[in-house]
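Just below is one structure, and these are the notes that go with it.
Each reported figure results from applying straightforward, stated rules to the coordinates on display, with no laboratory input. Note that this is a predicted model, so its numbers are computed, not measured. Note that each Cβ is placed from the backbone with ideal geometry, even for glycine, and that neighbours are counted across all protein chains shown.
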Amino acid sequence: MSEEDYETALNIKNGRFFWKNVYGAPLDKSNKAAEQMNENPELGSFWKGRILMQVFAVKTDKPVYKVEQIPEEECEKARKYLTPRKFRFMAQVNSAIALPKDDTKYEIMIRVAEHEINCGDAVFNKGSYNRYNFRTKPDDAIFEAPYVNREDMGSVFVYLRKKFRLGGYKNICFYRAHVSEFFDDDPKQIKWVQLQPDKAINEVKEPHKAGLVGIRISVNDMTQFGVIDWASKSTWGKRIPRRPGNLKVRAYIFQCRDLPAADSDGSSDPFLQITDSDVPQKTHVVNDNLNPIYYEALDLIYEANSIEELPPFIIDCYDEDQTLVGKNDADYLARATIYMWECNYSEGERVPEPKWHEMRFSPKGPKSGEVLVSFSIVEDDFSFEK
């Protein structure tokens, strides 16, 4: 039992029945990464089942290991927790960005326990961007499970799925969060979640290539709270446009500092690339410099009906590696993932004061430099001055 499970059993679930979910690696995998997932369930990418438990926990200086038959009267008490309860699992998938491979359509699947919601292939894709325009219908979102309450449902998974010639679709990347993050029945903001490669599948090798997905999820306990009029909610009551509008963004790239060295002489030849819904835009290369100054403005196009729908700004730093035959084989150095709530932007042509943002080699890795940047956001019919 982990320290977290022990504290929960001692202070929250002491004496009461609850469902314990079992997590691990995908069922058909037996490599080293799969073994790690099975031995450390908090790393698992797959729900494998649930166990009905009752824990009585007391602190003692002399623990004793005992195995006893559960009394029949306790088994009788447990039976009422096997009765299914009704839940509604509303989900919306807008789009995904910075996906593993350009010009490829991926599926998105959302799963809690044994209940799956598959939004199918993207309806539009360009570069590393996919658009889905998917939302569950209220009647299709109902499922039954014997959980005592919503909290017992455990983790919600968001999967990026790729179709293989042999074996069909596989979950190549995933996001995992506790269901309590999705109790809001009217989530106003799109939640952009950072995927991670499923190492047991090992299709995507580099963490920064796993992608980000924009979702809204609401999990409701119909047995406890009754039926919700989803049509009355500002989020779920509105139709998703078949095709969103476009917003133009001008990114003002000032400089970077403390970038990692990529070359044997302790330097790098860095340039920056920003991913959008169209064609990624690049700065010029600054040779032999870990603190390059750019002073460039890059114009970008994003599919979004409002600023609130914009994805994070993805700024990747590469080291140019010009070969003898003239081939440019750039090496990835670091990424800044900049969410709207943390950047400085203007709604017009005014250049906002720039702000430093940390860059990392992988989403959960240590800092690998910083980028100084700000943004202007305008409607699609606006023309920036050259």
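Provide the gained length on full extension for the span Arg257 to Lys77, in nm with one decimal, where the gain is 0.36 nm per separating residue minus the Cα-Cα distance.
Details: separation 180, 0.36 × 180 = 64.80 nm, distance 6.30 nm.
That pair, Arg257 and Lys77, stretches by 58.5 nm at full extension.
Rank Glu74, Glu347, Glu296 by mean-square fluctuation in a GNM of the chain with C-alpha springs under 10 angstrom and give only the top-ranked residue.
Comparing Glu74, Glu347, Glu296 in a Gaussian network model of the chain, the most mobile one is Glu74.
Tally Lys/Arg at +1 and Asp/Glu at -1 over every other residue whose Cβ is under 9 Å from the Cβ of Phe164; what's the total?
On the way: positive: Lys162, Lys163, Arg165, Lys170; negative: Glu203.
Summing Lys and Arg as +1 and Asp and Glu as -1 gives +3.
Pick the calculated P(r) over Cα pairs in 20 Å bins from 0, in percent for this structure from [x] 24, 40, 26, 10, 0; [y] 15, 42, 27, 14, 2, 0; [z] 24, 50, 23, 3, 0?
For P(r) over Cα pairs in 20 Å bins from 0, in percent, the calculated option is [z].
Toward the positive end of the charge dipole of the chain, about the Cα centre and with charges on Cβ (Lys, Arg +1; Asp, Glu -1), which of Ser383, Val67, Val93 goes farthest?
Val67
Listed highest first by mean packing, meaning other Cβ atoms within 10 Å per residue, what order do 143-154, 90-101, 178-189, 121-132 come in? Write down the numbers at each step before the final one.
Working: 143-154: 18.1, 90-101: 23.5, 178-189: 15.3, 121-132: 19.7.
Ranking, from highest mean packing down: 90-101, 121-132, 143-154, 178-189.
Highest GNM mean-square fluctuation, the chain, Cα pairs closer than 10 Å: which of Thr275, Thr223, Thr60?
Thr60
Of the candidates Pro292, Pro280, Pro71, which one comes out as most mobile in a Gaussian network treatment of the chain with C-alpha springs shorter than 10 Å?
Pro71
What 222 nm value per residue comes from the helices of the chain, counting each DSSP H run with n ≥ 4 as -39,500 (n - 2.57) and dividing by all residues, nearest 500 deg cm²/dmol? Mind showing how you got there, number by number?
Values: 4 runs with 29 residues, N = 386.
Helices in the chain give a 222 nm mean residue ellipticity of -2000 deg cm²/dmol.
Please name which of Leu259, Val285, Leu272 has its Cα lying farthest along the dipole of the stretch 246-379 towards the positive end, using unit charges on Cβ (Lys, Arg +1; Asp, Glu -1) and the Cα centre as origin.
Positive-end residue among those listed: Leu259.
Hey, rough spin-label estimate for His115 and Asp380, points 7 angstrom out along Cα→Cβ, what's it come to in nanometres?
Roughly 3.6 nm, to one decimal.
Please give the charge dipole size of the chain, origin at the Cα centre, charges +1 on K and R Cβ atoms and -1 on D and E Cβ atoms. Round to the nearest 20 debye.
Values: 53 positive and 62 negative charges, 300 e Å.
Charge dipole of the chain: 1440 debye, to the nearest 20.
At Lys86 and Gln189, where each label point lies 7 Å from the Cα along Cα→Cβ, what is the point-to-point distance in nanometres?
Label-label distance for Lys86 and Gln189, simple model: 3.3 nm.
Under the rule a/c < 1.5 gives rounded, and otherwise a/b versus b/c splits prolate from oblate, where does the stretch 246-379 land using the Cα gyration tensor? Mind showing how you got there, number by number?
Numbers: a/c = 1.99, a/b = 1.72, b/c = 1.15.
Prolate, since a/c reaches 1.5 and a/b exceeds b/c.
Tell me which residues come under 5 Å, amide H to amide H, from Leu52 once H is placed; ignore anything under 5 positions away on its chain.
Here Lys20 satisfy the definition.
Would you work out the relative contact order for the chain, in percent, from Cα pairs under 8 angstrom that are 6 or more residues apart? List each step's numbers first, then the result.
On the way: 865 pairs, mean separation 49.5, N = 386.
Relative contact order for the chain comes out at 13 percent.
Quick one: if the Förster radius is 30 Å, what FRET efficiency do Asn40 and His284 give, using the C-beta to C-beta distance and rounding to 0.05?
Details: r = 45 Å, r/R0 = 1.49.
After rounding to 0.05, the efficiency reads 0.10.
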